[in-house]
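There's a structure below that I have some questions on.
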Amino acid sequence: MAITPKSRLILALDVTDRKEALDIAAKLGPAVDAVKVNYPLVLSCGLGIIGEIKKYASVIADFKVADIPNTNRLICEETFKAGADAIICQGFAGRDSVEACVEVSKKYGGDVFVVTEMSHPGALDFLQPHALELVDLARSAGATGIIAPATRPERLALIRQRAGTMKILSPGVGAQGGDAASAIKAGADFVIVGRSIYNAKDPYRAAIDFSEQLRR
Ligand code: OMP
């Protein structure tokens with residue numbers, strides 16, 4: 001896919017109502033670089049929602065895939081067949097599991113992003129001590145990029161140093177307390193924003209405000 005950084009904004013569309021999701025995607029699609037779908041929307045509406053949203057924007061399937069290589073392969077096949085441009089997987093399942101995702105993504109010309117340190121407080125329990133190893137694993141497995149936290153810009157900066165030219169998508173902006181401009185300054189290529197946009201009184205205005213902050 002190679003999402004092009006224009007607004008540097010990725011919308012996390014974690015609503016569960018199909019009409020609401022499509023209305024938001026139609027309005028905001030042109031204003032963001034990609035729409036990220038996660039289990040809430042896909043479990044509610046089915047995998048076909050990916051193809052419907054794709055009319056308006058590139059789609060990242062945030063399934064945080066974390067299984068044995070064969071199961072990962074099957075999940076990625078279904079996801080890319082449904083039209084996703086990229087998929088997010090976990091690195092903690094190990095190199096072979098990530099490589100299975102990368103192998104399928106190449107067949108479809110898609111991208112894989114590997115989660116390193118997550119944005120929530122619980123990431124300190126197990127993920128943070130291994131975050132830099134997960135960055136190395138993502139690179140050597142051939143992933144396009146990684147996910148790293150906007151909620152901890154100092155950690156994001158460390159992860160950026162280790163990540164080289166890999167793309168970094170950074171969630172945790174807004175509702176989780178992270179700041180969009182600080183995340184970009186710390187080395188993120190894109191920020192991921194969900195509730196602060198789709199729960200705003202005027203989601204379009206909120207998206208434009210975020211992209212203006214990012215441009216500055
Ligand atoms: P908001 O907190 O509503 O902006 O949504 C953040 C989105 O990013 C959700 O879809 C989360 O599942 C996702 N996310 C995180 O919040 N933290 C992470 O560490 C990783 C992700 C992700 O992989 O996208």
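Using 1/(1 + (r/R0)^6) with R0 = 35 angstrom and r between the beta carbons of GLN161 and ASP17, what's the FRET efficiency to the nearest 0.05?
So, using R0 = 35 Å, E works out to roughly 0.25.
Report ³J(HN,Hα) in whole Hz for each residue of the range 63-72, in order, from the Karplus equation J = 6.51 cos²θ - 1.76 cosθ + 1.60 where θ = phi - 60°; Gly and Pro get x.
Each residue's phi maps through the Karplus curve to give 9, 6, 4, 8, 10, 5, x, 4, 5, 4 Hz.
Set Lys and Arg Cβ to +1 and Asp and Glu Cβ to -1, take the dipole of the chain about its Cα centre, and tell me which of PHE190, TYR39, ALA21 lies farthest positive.
Among PHE190, TYR39, ALA21, the one farthest towards the positive end of the dipole of the chain is PHE190.
With the other protein chains left in place, how much accessible area per residue, in square angstrom, belongs to the range 137-206 at a 1.4 angstrom probe?
It amounts to 42 Å² per residue over the range 137-206.
Continuing with the same structure: Might you tell me the accessible area per residue for the range 1-82, computed with a 1.4 Å probe and given in Å²? Display every interim value, and only then the final one.
Values: 3590 Å² over 82 residues.
Using a 1.4 Å probe on heavy atoms only, each residue of the range 1-82 averages 44 Å².
I would also like to ask the following. Return the calculated 222 nm mean residue ellipticity for the chain, to the nearest 500 deg cm²/dmol, obtained by summing -39500 (n - 2.57) across DSSP H runs with n ≥ 4 and dividing by the residue count.
Value at 222 nm, helices only, nearest 500: -12500 deg cm²/dmol.
Now, a different point. Can you tell me the dipole magnitude for the chain around its Cα centre, using point charges on the Cβ only (Lys, Arg +1; Asp, Glu -1), in Debye to the nearest 20?
Numbers: 26 positive and 25 negative charges, 113 e Å.
Computed about the Cα centre, the dipole is about 540 debye.
How large is the dipole of the range 126-175 about the Cα centre if only Lys and Arg carry +1 and Asp and Glu carry -1, each at its Cβ, rounded to the nearest 20 debye?
Numbers: 6 positive and 3 negative charges, 23 e Å.
For this selection, approximately 120 debye.
What aspartates and glutamates sit close enough to LYS64 to cross-link, taking a C-alpha to C-alpha distance under 19 Å and skipping anything fewer than 8 places away on the same chain?
Within the straight-line cut-off, LYS64 pairs with ASP14, GLU77, GLU78, ASP85, ASP96, GLU99, GLU103, ASP111, GLU117, ASP125, GLU133, ASP136.
Now for a different question. Over the residues of the range 77-200, compute the C-alpha Rg and express it relative to 2.2 N^0.38 Å.
Cα-based Rg divided by the globular estimate yields 1.03.
Here's another thing I want to ask about it. Using a 1.4 angstrom probe on heavy atoms only, work out the carbon and sulfur share of the accessible area of the range 1-97 in %.
That fraction is 53 percent.
Another one. Could you tell me whether the chain comes out rounded, prolate or oblate from its Cα gyration tensor? Rule is a ≥ b ≥ c as square roots of the eigenvalues, rounded for a/c under 1.5, then prolate if a/b exceeds b/c, otherwise oblate. Display every interim value, and only then the final one.
On the way: a/c = 1.69, a/b = 1.11, b/c = 1.53.
Taking the square roots of the gyration eigenvalues as a ≥ b ≥ c, the chain is oblate.
For the range 6-68, give the magnitude of the charge dipole about the Cα centre (Cβ charges: +1 Lys/Arg, -1 Asp/Glu; no others), in debye to the nearest 20.
Charge dipole of the range 6-68: 240 debye, to the nearest 20.
Extension gain LYS107-LEU43, at 0.36 nm per residue separation less the Cα-Cα distance, in nm?
Residue separation times 0.36 nm, minus the Cα-Cα distance, leaves 20.5 nm.
For the range 29-46, take each phi angle, set θ = phi - 60°, evaluate the Karplus expression 6.51 cos²θ - 1.76 cosθ + 1.60, and give the result in whole Hz per residue in order, putting x for glycine and proline.
Once rounded to whole Hz, the list reads x, x, 8, 10, 7, 6, 10, 9, 10, 10, 4, x, 6, 6, 5, 7, 10, x.
Would you mind counting up the charge near ALA163? Only other residues with Cβ under 11 Å from its Cβ, with Lys and Arg at +1 and Asp and Glu at -1.
Here the charged neighbours net out to +2.
Given H placed on each backbone N at 1.01 Å, which residues far from LYS54 in sequence or on other chains put an amide H within less than 5 Å of it?
none
The values are calculated or read from the model by the stated rules, or taken from the named source; none is laboratory data. The structure presented is a predicted model; accordingly, all values stated were derived computationally and were not measured. Here Cβ is always computed from backbone atoms with ideal geometry, including for glycine, and neighbour counts include all displayed protein chains. Side chains included, ligands, DNA and RNA excluded: accessible areas come from the protein's heavy atoms. Shrake-Rupley method; radii C 1.70, N 1.55, O 1.52, S 1.80 Å.
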